[in-house]
Amino acid sequence: MGILTFKLGSWIGIWNTPIVQSRLAADSQPKRRAKRKLMPKAFLLVPGVGAQGGDVSQLSVFFDSSGSGAIIAAARSIIYAYRKSQKTDVDFQEAARNATLELRALVEHERSVASERSTL
């Protein structure tokens, strides 16, 4: 993790405000944990989920102890979901809705993992 990331993270942690947003790439678990620790009350923008290959099962570390504080961004995996459909008559709207509901369920699971971790 770069020096700038630690500097910025420490300033955000000092400000201790949830208004500040930090944009994070979906990188290694130790880096994710360090970033959340530096910025415990910040909203973290987490891009790269879905079509870019970010692993949804690794997102729990971005959420705070209440299961909040992370904004998960996914666009292409939803927009182009109709391309992955096995049905030939599936329409864009149905495929996008199904992809959204599937992603939401996975993210909700990771939120609950984060909340459970804080109670241990």
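The values are calculated or read from the model by the stated rules, or taken from the named source; none is laboratory data. The shown structure was predicted, so the numbers you read here are calculated from the model rather than taken from an experiment. Glycine gets a Cβ as well: all are built from the backbone with ideal geometry, and neighbour counts include every protein chain shown.
Per-structure values
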read-out	value
Top-ranked residue in the range 35-61 [being in a helix (DSSP H, G or I) and in contact with a strand residue (DSSP E or B) (Cβ under 8 Å, 6 or more places away or on another chain); ranked as surrounded by the fewest Cβ atoms within 10 Å (Cβ to Cβ)]	V56
Considering residues of the range 65-76 that are over 14 Å from the mean Cα position of the chain (by Cα) and of a type in the set (S, T, Y) only, the residue surrounded by the most Cβ atoms within 10 Å (Cβ to Cβ)	S65
Given (1) part of a loop (DSSP other than H, G, I, E, B); (2) surrounded by 14 or more Cβ atoms within 10 Å (Cβ to Cβ); (3) basic (K, R), index of the condition R111 fails	(1)
All positions within the range 79-101 that are surrounded by 14 or more Cβ atoms within 10 Å (Cβ to Cβ) and either among the β-branched types (V, I, T) or farther than 16 Å from Q52 by Cβ (or both)	I79, Y82, S85, V90, E94, A95, A96, N98, T100
Where a residue in the range 73-101 is over 25 Å from V46 (Cβ atoms) and of a type in the set (G, A, S) and its partner, wherever it lies, is loosely packed, with under 15 Cβ neighbours inside 10 Å and modelled with pLDDT under 90, with Cβ under 7 Å and at least six apart	none
Meets criteria (more than 17 Å from M39 (Cα to Cα) and part of a loop (DSSP other than H, G, I, E, B)) for D64	no
